[in-house]
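Engineer: Submitted below is the structure of interest, expressed as structure tokens.
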Amino acid sequence: MSNGKRELWITWAGFGLTLAATLLFAREGVAILLERAARGDAGAVVEQAIFLVLSFAIFWGSFVYLLCRRGYFKRLEAHRPVSDEELEAFLLDAPPVAFLLPSYKEDAEVVRQAIMSCALQEYPRRRVTLLIDDPCNPTNPADAAGLAAARALPARIQAQLDQEAERYRAARAAFEARCEGGALDLAHERALLAGLHDEAASWFEAQAAGHAGRAHTDRLYVEQVLLSRAARHRAQAARLRAPEAAQTTADLARGHALLAARFAVELGSFERKRYANLSHEPNKAMNLNSYLDLLGKDLREARRRDGLHLVPTEPERATLRVPDATYVVTLDADSILLPDYASRLVHIMEQRGNERVAVVQTPYSAVPGAASLVERVAGATTDMQYLIHQGFTHYDATYWVGANAVLRRAALQDIRIEVVDDRGVRVAKFIQDRTVIEDTESTIDLVERGWSLLNYPARLSYSATPPDFGALLIQRRRWANGGLLILPKLLRLVARNPLRPGALRMAFFRAHYLLSLALVNVGYLAFLFWPFEESIRSAWLPLTALPYFFLYGRDLVAQGYRWLDLPRVYALNLMLVVVHMGGVLKSLEQAVTGKLLPFQRTPKVEGRTAAPAGYVLMQAGLLAFCLSAIPFNLASMNVAHAAFSLVNGLVFAYVLCRYMGLPESAEDVRLAFAPAVASARARALRLIPRSARLRRLAVASTIGPID
């Protein structure tokens, strides 16, 4: 039995155990509810009803995970990657692709790696554009230097690659001239082509040797983008030199064409904020939208009263021409694509039967080898999301995950709308920016118009994970903000045709994705603060969760982690409870006020990102509550809830000590309150008579400052 089939049987066993335990728990819980109703105890009935609703909301997540695990292994079993030969034949006439990298105040080296991972794609017709979103006229010297570095980066990389590309263009032209001149010495031609592959390998090896960074992201870039290509070229050279090599003239021509395309790429940058007639909304969606609306247009700059405009014009008057593209690849500036990302994913899009596929992606993986514990464990949850999203595709419930994706241009045009922004400027929207999870809402727009989405079952992209609590807080709070706002759109989509094949199944998975962070975290806080003593004593309750945790741990190990990381993931999720609730409350705030919330980018800074003091104090408050609840629960004979409080108290203690750090947490709180303390001191000092202040200053000059 193959490993995939074995895992499918294990998944079904876990599903059966979970279902049985859930049904037995339900029978017991409903019996308690009916018994309380018979007693006429309305308060106890409401309490039990709430407990059951929250429990089943959590069970929903277990069933989604188990079914997605099944879908993941089913897809792995069925997956047959296209051969290199078929892929090479496809690339000879592949459609054009535009790579778009939105960037806001990113580190230049981080952006350089992302650009290089696009520029060195094994795909012939590609154009890479850095969408710089920094303020155009910064007053801060550091911001000005960062903007100058971002503007110069594409041209620097272009010059570097052009120099190498010229060698292979010349070699191809010489080969074609020899073909026209008469019969070829195929053995000699193979040797020449092998030498060119050796030269390409040497270039990649030299780039790797000269790379200065030593962080885990640098190691990934060197190994997967540079050295993997060097090894591939060395292997190709060896195959060409092998005595049994049987290369025809057509094979050699294809080899020269692909090699000439390896370094032939057009790079550029674009800054929408330079133009008064483009959107200036501070979010990634509108940065992408502004450029997407320019594809295929000839444009010129025009100075008007309100500033510089970018307007359509005739080709001969154009100062900016944006080539059209059949597909668009979007990539966050802190992400890296493996060299065959575009070739494999565009090939999928071009297959017969996939004409209505709007998005194909490989959900990004965490960069391996993180030094910080928080980054490593948060990365583990990212890698597990990869499994879940593969399962979503099995059930036709894929969500676009925006760190990277291949987008069909025709599908984007299909969901294009025009709106007037706050400045009175008419702008186009392809990707929704009503929420900060713009890719999720755009998924529903695409599905509503009959498009589908796919996850490719291979790890072809990687993205950085925040290395500390402060940065992780901003990222995960943003992820939790928007699901409740998008849910009505999904429900309306399903309600229009609930009997359509697969509609309810799709809703089962997609609705959970939108609701899970709200349901699970509300449920956890309810269980923590309210002693549902009689109900949580049920022996069936832990059995409903046992298969989930066992299989989750098993999958962690399969992804390269350890069983010890399972409780660490649990601790991370508890740390993020207040963070997720912050995002959920922001969604509710937007629903009530109708005001768009600002997009908060995940910070990329040297050192540590400070966390808001309120979140630090809430973590400490949850620890204090858990520990203080233990004696009260024991005094009330709520033994099960006392045990629950003890376990979670120990977890919160671990969170404060290992994930957040006690010194760092104290520093975050001190920094937050320092302005208030300084202001209070200043006010107090103004109330002291002048003579008393002079005496204090005289004392301070002799013994130091008085606090």
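Each value in this text was obtained by applying a stated rule to the coordinates, not by laboratory testing. Note that the structure is predicted; figures quoted are calculated from it, not measured. Reconstructed Cβ throughout: ideal geometry from the backbone, glycine too, with neighbour counts over all protein chains shown.
Engineer: Could you order the peptides 632-640, 525-533 from most to least packed, using the average number of other C-beta atoms within 10 Å per residue?
Structural biologist: Those peptides, ordered most packed to least, come out 525-533, 632-640.
Engineer: Give me the percent of Cα-Cα pairs in the stretch 56-195 that sit more than 23 Å apart, rounded to a whole number.
Structural biologist: Counting every Cα pair in the stretch 56-195, those more than 23 Å apart make up 63 percent.
Engineer: Starting from the amide H of PHE99, placed 1.01 Å from N in the peptide plane, find each other amide H under 5 Å away whose residue is 5 or more places distant or on another chain.
Structural biologist: Hits under the 5 Å cutoff: ARG127, VAL128, THR129, VAL329.
Engineer: Take the Cα atoms of the stretch 254-391, build their convex hull, and give its volume per residue in Å³.
Structural biologist: In the stretch 254-391, the Cα convex hull volume per residue is 199 Å³.
Engineer: Shifting gears a bit: Once Rh is set to the Kirkwood radius over Cα pairs, what Stokes-Einstein translational diffusion coefficient, in µm²/s, holds for the stretch 1-73 at a temperature of 10 °C and a viscosity of 1.306 mPa s? All intermediate terms of the calculation are to be shown ahead of the outcome.
Structural biologist: Numbers: Rh = 14.0 Å.
Estimated via Stokes-Einstein, D reaches 113 µm²/s.
Engineer: Given the convex hull over the Cα atoms of the chain, what projected area results after averaging over all orientations, in nm²?
Structural biologist: 42.7
Engineer: Right, another one. Pop out the ³J(HN,Hα) list for the stretch 609-625 in order, Karplus 6.51 cos²θ - 1.76 cosθ + 1.60 with θ = phi - 60°, rounded to Hz; leave Gly and Pro as x.
Structural biologist: 8, 5, 9, x, 4, x, 5, 5, 5, 5, 4, 5, x, 5, 4, 4, 5
Engineer: Could you tell me how many cubic angstrom of Cα convex hull volume the stretch 200-319 has per residue?
Structural biologist: Residue-normalised Cα hull volume stands at 190 Å³.
Engineer: Mean shadow of the stretch 315-449, computed from the convex hull of its alpha carbons, in nm²?
Structural biologist: Projected area, direction-averaged: 12.0 nm².
Engineer: So for the chain, averaging the separation of alpha carbon pairs under 8 Å that are six or more residues apart and normalising by length, what relative contact order in percent results?
Structural biologist: Contact order relative to length: 16 percent.
Engineer: Oh, and also: Can you give me the Kirkwood hydrodynamic radius for the stretch 81-135, using every pair of distinct Cα atoms, in Å to one decimal?
Structural biologist: 12.9
Engineer: For the stretch 553-562, just list the computed ³J(HN,Hα) in residue order, Karplus coefficients 6.51, -1.76 and 1.60, θ = phi - 60°, integers in Hz, with x standing in for Gly and Pro.
Structural biologist: Once rounded to whole Hz, the list reads x, 5, 6, 4, 4, 5, 8, x, 9, 10.
Engineer: Here's a follow-up. Taking the Cα centre of the chain as origin, sum charge times position over the Cβ atoms of Lys and Arg (+1) and Asp and Glu (-1), and report the length of that vector in debye to the nearest 20.
Structural biologist: 1640
Engineer: Please report how many Lys pairs in the chain have alpha carbons closer than 17 angstrom, counting only residues at least 8 apart along the chain or sitting on separate chains.
Structural biologist: Close lysine pairs under the 17 Å cut-off: 10.
Engineer: HN-Hα J couplings of the stretch 131-138 from phi, Karplus 6.51/-1.76/1.60, θ = phi - 60°, integer Hz, Gly and Pro as x?
Structural biologist: 8, 7, 10, 5, x, 6, 10, x
Engineer: What does the net charge come to around GLY29 if you take all other residues with beta carbon closer than 13 Å to its beta carbon, with K and R at +1 and D and E at -1?
Structural biologist: Once all neighbours under 13 Å are counted, the net charge is -1.
Engineer: Would you please put 405-414, 70-79, 244-253 in order of how densely packed they are, using the mean number of other Cβ atoms within 10 angstrom per residue and starting with the highest?
Structural biologist: Put in order of decreasing packing, that is 405-414, 70-79, 244-253.
Engineer: Would you grab the residues whose amide H sits under 5 Å from the one on ARG434? Only those 5+ places off in sequence or on another chain, please, with H modelled 1.01 Å from N.
Structural biologist: Amide H neighbours of ARG434: none.
Engineer: Give me the percent of DSSP beta bridges within the chain that run antiparallel, rounded to the nearest 5.
Structural biologist: Bridges in the chain that DSSP calls antiparallel: roughly 50 percent.
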